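S.K.: This structure is in structure tokens; I'll ask about it shortly.
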Amino acid sequence: MEIKPFEKKIYLASPTMHGEELKFMQEAYETNWMSTVGANINESEKLIAEKIGCKDAVALSSGTAALHLAIKLAGERLYGQPKVGHGSLEGKKVFCSDMTFDATVNPVAYEGGEAVFIDTEYDTWNMDPNALRKAFDIYPEVKLVVVAHLYGTPGKIDEIRAICDENGALIVEDAAESFGASYKGKQTGIFGDYGIISFNGNKIITGSSGGMFITDSVEDAHKVRKWSTQAREDAPWYQHEELGYNYRMSNVIAGVVRGQIPHLEEHIDQKKAIYERYKEGFKNLPVSMNPYDSANSEPNFWLSCLIIDREAMCKQVRGEKDVLYVSESGKSCPTEILEKIASINAEGRPIWKPMHMQPIYRMNPFVTATGNGRGRSNAYIAETGFVDVGSDIFERGLCLPSDNKMTKEQQDVIIEVVKECFA
């Protein structure tokens, strides 16, 4: 069967626009509210708070900005307000998800803290509660945990929350990828002491950029709004008593977000259909889809991913920026599959490279559920060839084209391409 490249590229996850966005952007233009105040900001914050089920939401320039201010807030609550030029976590260790985008952990460094990476578990590809419990045994002084929900799939929230409560630790919940996902009927982002979501261009709801700090504390929301506008005091002149940031969302960007919000459930339904079609199409292949706890959680299915069975992996070697593999009959690897997908003008990606493998963080502490130091037990290493779960998933996994504008027929072609890799 000859498979021809698509005339128009199929993206991993591109913005899906509906028309209302342009109306609200035009409104900002016509009323001349083009800065970081305006009706679009106010209405977007209100709609997001209602959608998530929290008391307040603060519109910011990015999900990373929201994370930074959430982590700063947690640090000041734990350790007090720092001197100017010093972060709120100066010299403190913070437990962080290991398999995630680096925006999850960079704000810890912004605030002068040291990230301690917690290994991943296979059930949801998120932070392993057993590794977290072990981390508290090793570092009982730690009082802050930053946890992400990978690819729109909720982690084991109840277990993580219970462990943190036992140890008197606060949680910053990075729900950048999981807006609209739920755990036991509640939206992600409100299980931690502080939470955030993202509207980056590839997210389930987009503003082209932007993010929100979400909270049940009106006092915290007021603090974040103040910090995000250079911490200006309530005075007739520009009065500043603490460090501030230029992090507020533009009213124009908020117009895009405002127009997107009513389409959240529609986007989730489309993403779920893509996931289910892949799952059905791959049922006879030595692969499985990114997992989730169907008894307790409902992902937003932002990205559909697969992981190849160990025995079906061909030889693959990755360096820092280059990769080589040896094609084998009946076997494949993420590199080969991604190359074949790219050859038909479609976009896939590797799984997030775990933070403990990144050159910038390679010397940071890393805790796994078993074994000592950065390693796991000899039995685990013998079975998997890896010292941790995150590295194993990174080695065998990949993100598939998950654009909700992709047609069923186009997805069928991608499924055939993947099948051919195992022929």
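The values are calculated or read from the model by the stated rules, or taken from the named source; none is laboratory data. What you see is a predicted model, and the numbers here were worked out from it, not measured in a lab. Because the Cβ atoms are built from the backbone with ideal geometry, glycine has one as well, and the counts that use them run over all protein chains shown.
S.K.: Go through the range 101-115 and give me each residue that's under 20 Å from GLY152 (Cα atoms), surrounded by fewer than 22 Cβ atoms within 10 Å (Cβ to Cβ) and of a type in the set (A, V, I, L, M).
M.R.: Residue satisfying the conditions is ALA103 alone.
S.K.: Kindly indicate whether any position in the range 227-245 is more than 24 Å from HIS86 (Cβ to Cβ) and not in a loop (DSSP other than H, G, I, E, B). Even if it seems obvious, please write down each step before you answer.
M.R.: At the first step, the residues of the range 227-245 found to be more than 24 Å from HIS86 (Cβ to Cβ) are 234-237.
Adding the requirement that they be not in a loop (DSSP other than H, G, I, E, B) leaves none.
Looking through the range 227-245, none of the residues is more than 24 Å from HIS86 (Cβ to Cβ) and not in a loop (DSSP other than H, G, I, E, B).
S.K.: Tell me, please, whether a residue that is closer than 30 Å to THR407 by Cα and surrounded by fewer than 22 Cβ atoms within 10 Å (Cβ to Cβ) can be found in the range 223-235. Step through it out loud before you land on a result.
M.R.: Looking only at the range 223-235, we keep the residues that are closer than 30 Å to THR407 by Cα, and these are none.
The answer is no, given that none of the residues of the range 223-235 is closer than 30 Å to THR407 by Cα and surrounded by fewer than 22 Cβ atoms within 10 Å (Cβ to Cβ).
S.K.: Moving on to the next point. Mind counting the residues in the range 188-201 that are in a strand (DSSP E or B) and either surrounded by 24 or more Cβ atoms within 10 Å (Cβ to Cβ) or touching an Asp or Glu at 6+ places or on another chain (Cβ under 7 Å) (or both)? Outline the logic, then answer.
M.R.: Step one: list which residues in the range 188-201 are in a strand (DSSP E or B), which gives 194-198, 200.
Filter once more, so that each one left must be either surrounded by 24 or more Cβ atoms within 10 Å (Cβ to Cβ) or touching an Asp or Glu at 6+ places or on another chain (Cβ under 7 Å) (or both): 194-198.
Number satisfying all stated conditions: 5.
S.K.: Hey, can you tell me all the residues within the range 367-422 that are more than 30 Å from PRO140 (Cβ to Cβ), at pLDDT 95 or above and either of a type in the set (Val, Ile, Thr) or out of contact with any helix residue (DSSP H, G or I) (no Cβ under 9 Å at 6 or more places or on another chain) (or both)?
M.R.: THR407, GLU409, GLN410, VAL413, ILE414, ILE415, VAL417, VAL418
S.K.: Being in contact with a helix residue (DSSP H, G or I) (Cβ under 9 Å, 6 or more places away or on another chain) and either part of a loop (DSSP other than H, G, I, E, B) or modelled with pLDDT under 95 (or both) is the filter here; which residues of the range 346-366 pass it? Explain how you work it out, then say what you get.
M.R.: At the first step, the residues of the range 346-366 found to be in contact with a helix residue (DSSP H, G or I) (Cβ under 9 Å, 6 or more places away or on another chain) are 346-358, 360-362, 364-366.
Hits for the range 346-366 are GLU347, GLY348, ILE351, TRP352, LYS353, PRO354, GLN358, ARG362, ASN364, PRO365.
Here's the yes/no breakdown for (1) without any contact (Cβ under 8 Å) to a residue 24 or more places away in the chain; (2) farther than 18 Å from SER62 by Cα:
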residue: PRO107; (1), (2): no, no
residue: ALA131; (1), (2): no, yes
residue: GLY152; (1), (2): no, no
residue: GLY155; (1), (2): no, yes
residue: GLU159; (1), (2): no, yes
residue: ALA162; (1), (2): yes, yes
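S.K.: Show me the strands (runs of 3 or more DSSP E) found entirely inside the range 272-336 where at least 3 residues are within 21 Å of the chain's Cα centre (by Cα).
M.R.: On the way: elements: 287-289, 305-308, 315-318, 323-326.
So the answer is 305-308.
S.K.: Run TYR139 past the list (1) buried (at least 24 other Cβ atoms within 10 Å of the Cβ); (2) in contact with a strand residue (DSSP E or B) (Cβ under 9 Å, 6 or more places away or on another chain); (3) not aliphatic (A, V, I, L, M) and report the number of the one that doesn't hold.
M.R.: Status for TYR139: all satisfied but (1).
S.K.: Here are the criteria: (1) buried (at least 21 other Cβ atoms within 10 Å of the Cβ); (2) over 28 Å from ASN167 (Cβ atoms). Tell me which single one ASP98 does not satisfy.
M.R.: Checking ASP98 against (1) buried (at least 21 other Cβ atoms within 10 Å of the Cβ); (2) over 28 Å from ASN167 (Cβ atoms), the one that fails is (2).
S.K.: Hey, another quick one. Sort out which residues of the range 137-150 are touching a residue at least 40 places away in the same chain (Cβ under 8 Å) and either under 18 Å from the mean Cα position of the chain (by Cα) or not in a loop (DSSP other than H, G, I, E, B) (or both), and write them in order of number.
M.R.: ILE138, LEU144, VAL145, VAL146, VAL147, ALA148, LEU150, listed by residue number.
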